[in-house]
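Notes for the one structure printed next.
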Amino acid sequence: MSYLHNDPSVFREEMIDGFVAVHSDLVRRVSGGVARRHAAPEGHVAVVVGGGSGHYPAFAGLVGPGLAHAAAMGGVFASPSAAQVEAAARAVDTGAGVLLAYGNYAGDVLNFDSAQAELRADGIPCRSVAVTDDIASAGPDEQHRRRGLAGDLVVFKAAAWAAEQGRTLDDVAEVAQLANARTRTLGVAYTGSTLPGADQPLFTIPDGRMGLGIGIHGEPGLDELPVANADETAAMMIDRLLEESPADAGRRLGVIVNGLGSVKGEELFVYFAGVRRHLLARGYDLVAPQVGEFVTSFEMAGVSLTLVWLTDELEAAWCAPVWTPSLRTGATPPPDATRLADDVEGTAVDEPVDGGDATSDRDRALAMAVSRAFAAGAAAIDAEVDDLGRLDSIAGDGDHGIGMQRGITAAASAAALSVRHSKGLAGTLDAAGRAWAEKAGGTSGALWGLGLRTAAAHLSRCDDATEADIATAVAAGIAAIREKGGARVGDKTMVDAAAPFAKALAARGGDRSAAWLAAAGAASRGAAETARLGARTGRARAHGDKGIGHPDPGAVSFALLANVAVTTLLPTLTEGAHS
């Protein structure tokens, strides 16, 4: 379990404070995460990496000469928000463009892609590479669906090496993609990990067993095997990795033995000795092997093995010196470059956004009702946060409850602030959506933020929103969630509750109150019906059948909030309603 923490909701912020204080010679704090203390040369591509907290030294520990220029850092086991990624990228852009590199998880893809779009819209060239090295998370014919593990280090290092040679953005992206295509990882674990403040691990493994194909967010393994000794484990993992050798594989291998949290140095060296013997016996040359902790999962007891089949170019990148807080190879101290100051990080709810002022008494009343609904929703999520986390841990990573709690708490604060500053319905919803996406991170944070802001954008075009306008705006927000998330009814996601809600609302007749109540009921039934489904998308996809018999946590939380919102809003929503 996690022992040293204060308020788990501010774990990320306090962790960054301590990290930057210790490594102030190398890194500085910027909005969104951390960046190199020293400026990169003008005209060099900036490599921005990132992901959730809880994986140190990924991602902050990999910032420095020879590696990343900045790291966007999300909450515990949650992707950074699009705003955090964008801010980190802007902090290090030199004019040559930015390469975004991250592990292939749904929330990271959504948020990094959104940040990329914003950067490009402002004239900053940007490319992205999602790392897909984990062979256990999808088959060889679906490599694009694989998640990123310790292979992150290979891809980040290759990209940074190309950038520091002054190559173009397209060239840097090409080198990163080559590294990704030739990197494979497999992990095993003996215990689960525990989020700060939680008293139980996200999952457990029976004594005498080890989980094969483990993920870094507490995802259960794809299989359980009897615990084997170090040599036997090494041989088993090597056999599986070599089955996925690239078609043009040579005999030179970069090797990473990565401790996932509780398997420490001496054990890792024993394991590596077996790895080395087995690979040498098969005729491979090991080039600059790395043994240590590179991507962790709090106190998870486990190890991952990464192999990268080297070309001449990738070998040069792999062997290039680096100087970061967590990895130093070759005598390369920080460069003689301009020392930059910290950039104080703001939050989404520090002050109200411009515009969106109330235009009428009804607009103001609706904004106040929405604020009350967010507050009631936050209380409802607080009461269910542990159950939502346990539900998510069955076939996912167990952080859904905490993510929802962070998101709606931030949204409620932003909505209350907006009302105090006389914002109307659209302005209040937009502020809540921004805050939700910023503070929650992850897939659900991005999607809830998108849905709220889409509804707000629709309402901002209405002179004085009617009940029909609001129903249409809600439907537009749900449609945006479905389009961006890519999920369909039956995939076992929040869409299974959101789609019936929108459909029932669209079919409303003359009794508007009954229509909204019917929509809330449809959401509840949709969520309950997900119990019979196996997941077909998202992190839970690889373990989809494990969730059969249990409803989807995203659908459950949507239905919960839909019912709370309808109950709270209905008196104001239908008062004097007209269409």
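The values are calculated or read from the model by the stated rules, or taken from the named source; none is laboratory data. Every value quoted in this text rests on a predicted model; they were computed, and no experiment measured them. We place every Cβ from the backbone using ideal geometry, glycine too, and count neighbours over all the protein chains shown.
Do we have any residue at all in region 176-187 that's out of contact with any His (no Cβ under 6 Å at 6 or more places or on another chain), crowded, with 18+ Cβ neighbours inside 10 Å, of a type outside the set (Ser, Thr, Tyr) and under 27 Å from Phe11 (Cα atoms)?
Yes.
Considering (1) modelled with pLDDT of 95 or more; (2) among the charged types (D, E, K, R); (3) not assigned by TED's automatic domain parsing to the domain that holds Ser24, say which one Asp312 fails and leave the rest.
(3)
What single numbered condition from (1) under 15 Å from the mean Cα position of the chain (by Cα); (2) free of Cβ contacts under 8 Å to residues at least 60 places away in the same chain fails to hold for Ile124?
(1)
Can you report the number of residues in region 250-291 which are part of a strand (DSSP E or B) and farther than 20 Å from Glu315 by Cα?
1
Of the residues in region 192-222, how many are closer than 18 Å to His55 by Cα and at pLDDT 90 or above?
1
How many of the residues making up region 129-148 are among the β-branched types (Val, Ile, Thr) and out of contact with any strand residue (DSSP E or B) (no Cβ under 6 Å at 6 or more places or on another chain)?
We begin by selecting, within region 129-148, every residue among the β-branched types (Val, Ile, Thr); these are 129, 131-132, 135.
Pick out the ones that are also out of contact with any strand residue (DSSP E or B) (no Cβ under 6 Å at 6 or more places or on another chain) and you get 132.
Selection size over region 129-148: 1.
Is region 135-147 home to any residue that is among the polar types (S, T, N, Q), in contact (Cβ under 8 Å) with a residue 60 or more places away in the chain, farther than 27 Å from Ser9 by Cα and outside any helix (DSSP H, G or I)?
Yes; the residues of region 135-147 include at least one that is among the polar types (S, T, N, Q), in contact (Cβ under 8 Å) with a residue 60 or more places away in the chain, farther than 27 Å from Ser9 by Cα and outside any helix (DSSP H, G or I).
With respect to the numbered conditions (1) part of a strand (DSSP E or B); (2) modelled with pLDDT under 95, which one is the sole condition not fulfilled by Glu14?
Among (1) part of a strand (DSSP E or B); (2) modelled with pLDDT under 95, Glu14 violates only (1).
Quick check: anything in region 280-300 within 18 Å of Val131 (Cβ to Cβ) and small (Gly, Ala, Ser)?
Within region 280-300 (the criterion being within 18 Å of Val131 (Cβ to Cβ) and small (Gly, Ala, Ser)), the answer is yes, since at least one residue qualifies.
Would it be correct to say that Val322 is in contact (Cβ under 8 Å) with a residue 24 or more places away in the chain and closer than 19 Å to Val275 by Cβ? If you could, list the steps in order and put the result at the bottom.
Details: in contact (Cβ under 8 Å) with a residue 24 or more places away in the chain: yes; closer than 19 Å to Val275 by Cβ: no.
The answer is no for Val322.
Can you find a residue that is in contact with a Pro (Cβ under 7 Å, 6 or more places away or on another chain), on the phi < 0 side of the Ramachandran plot and not assigned by TED's automatic domain parsing to the domain that holds Ser53 anywhere in region 499-520?
no
Do we find that Ala89 is touching a Ser or Thr at 6+ places or on another chain (Cβ under 8 Å), of a type in the set (Gly, Ala, Ser) and not in a strand (DSSP E or B) in this structure?
Spelling it out, it is not the case that Ala89 is touching a Ser or Thr at 6+ places or on another chain (Cβ under 8 Å), of a type in the set (Gly, Ala, Ser) and not in a strand (DSSP E or B).
Output the residues belonging to region 20-51 that are at pLDDT below 95, crowded, with 23+ Cβ neighbours inside 10 Å and within 21 Å of Trp161 (Cα to Cα).
Scanning region 20-51 gives a single hit, Ala40.
Tell me which of these Gly187 doesn't satisfy, since it passes every other one: (1) among the small types (Gly, Ala, Ser); (2) in a helix (DSSP H, G or I); (3) under 15 Å from Ile135 (Cα atoms).
(2) is the only condition that Gly187 fails.
Just to be sure I understand, how many residues within region 263-286 are surrounded by fewer than 18 Cβ atoms within 10 Å (Cβ to Cβ) and either within 27 Å of Leu195 (Cβ to Cβ) or in contact with a Lys or Arg (Cβ under 7 Å, 6 or more places away or on another chain) (or both)?
Residues in region 263-286 being surrounded by fewer than 18 Cβ atoms within 10 Å (Cβ to Cβ) and either within 27 Å of Leu195 (Cβ to Cβ) or in contact with a Lys or Arg (Cβ under 7 Å, 6 or more places away or on another chain) (or both): 6 in total.
Could you count how many residues in region 17-57 are outside any helix (DSSP H, G or I), under 26 Å from Glu438 (Cβ atoms) and either in contact with a strand residue (DSSP E or B) (Cβ under 9 Å, 6 or more places away or on another chain) or not assigned by TED's automatic domain parsing to the domain that holds Gly166 (or both)?
Within region 17-57, residues that are outside any helix (DSSP H, G or I), under 26 Å from Glu438 (Cβ atoms) and either in contact with a strand residue (DSSP E or B) (Cβ under 9 Å, 6 or more places away or on another chain) or not assigned by TED's automatic domain parsing to the domain that holds Gly166 (or both) number 22.
Kindly check whether there is at least one residue in region 58-76 that is out of contact with any strand residue (DSSP E or B) (no Cβ under 8 Å at 6 or more places or on another chain), touching a residue at least 24 places away in the same chain (Cβ under 8 Å) and within 23 Å of Arg147 (Cα to Cα).
Within region 58-76 (the criterion being out of contact with any strand residue (DSSP E or B) (no Cβ under 8 Å at 6 or more places or on another chain), touching a residue at least 24 places away in the same chain (Cβ under 8 Å) and within 23 Å of Arg147 (Cα to Cα)), the answer is yes, since at least one residue qualifies.
Quick test of your reading of the structure: Met236 fulfils all but one of (1) of a type outside the set (Ser, Thr, Tyr); (2) touching a His at 6+ places or on another chain (Cβ under 9 Å); (3) surrounded by 13 or more Cβ atoms within 10 Å (Cβ to Cβ). Name the failing condition by number.
Checking Met236 against (1) of a type outside the set (Ser, Thr, Tyr); (2) touching a His at 6+ places or on another chain (Cβ under 9 Å); (3) surrounded by 13 or more Cβ atoms within 10 Å (Cβ to Cβ), the one that fails is (2).
Out of all the residues in region 1-20, which are free of Cβ contacts under 8 Å to residues at least 24 places away in the same chain and among the aliphatic types (A, V, I, L, M)?
Within region 1-20, Leu4, Val10 qualify.
Looking only at region 58-79, which residues are outside any strand (DSSP E or B) and more than 24 Å from Glu164 (Cβ to Cβ)?
Phe77, Ala78, Ser79
Please go through region 307-321 and give me each residue that is in contact with a Leu (Cβ under 8 Å, 6 or more places away or on another chain) and either more than 14 Å from Asp152 (Cβ to Cβ) or outside any strand (DSSP E or B) (or both), ordered by number.
Residues satisfying the conditions are Leu307, Trp309, Leu310, Thr311, Glu313, Leu314, Trp318.
Restricting attention to region 53-83, which residues are over 15 Å from Asp108 (Cβ atoms), surrounded by fewer than 24 Cβ atoms within 10 Å (Cβ to Cβ) and within 17 Å of the chain's Cα centre (by Cα)?
Tyr56, Pro57 - these are the residues of region 53-83 that are over 15 Å from Asp108 (Cβ atoms), surrounded by fewer than 24 Cβ atoms within 10 Å (Cβ to Cβ) and within 17 Å of the chain's Cα centre (by Cα).
Scan region 466-499 for residues that are farther than 27 Å from Asp392 by Cβ, touching a residue at least 60 places away in the same chain (Cβ under 8 Å) and β-branched (Val, Ile, Thr) and report the count.
2
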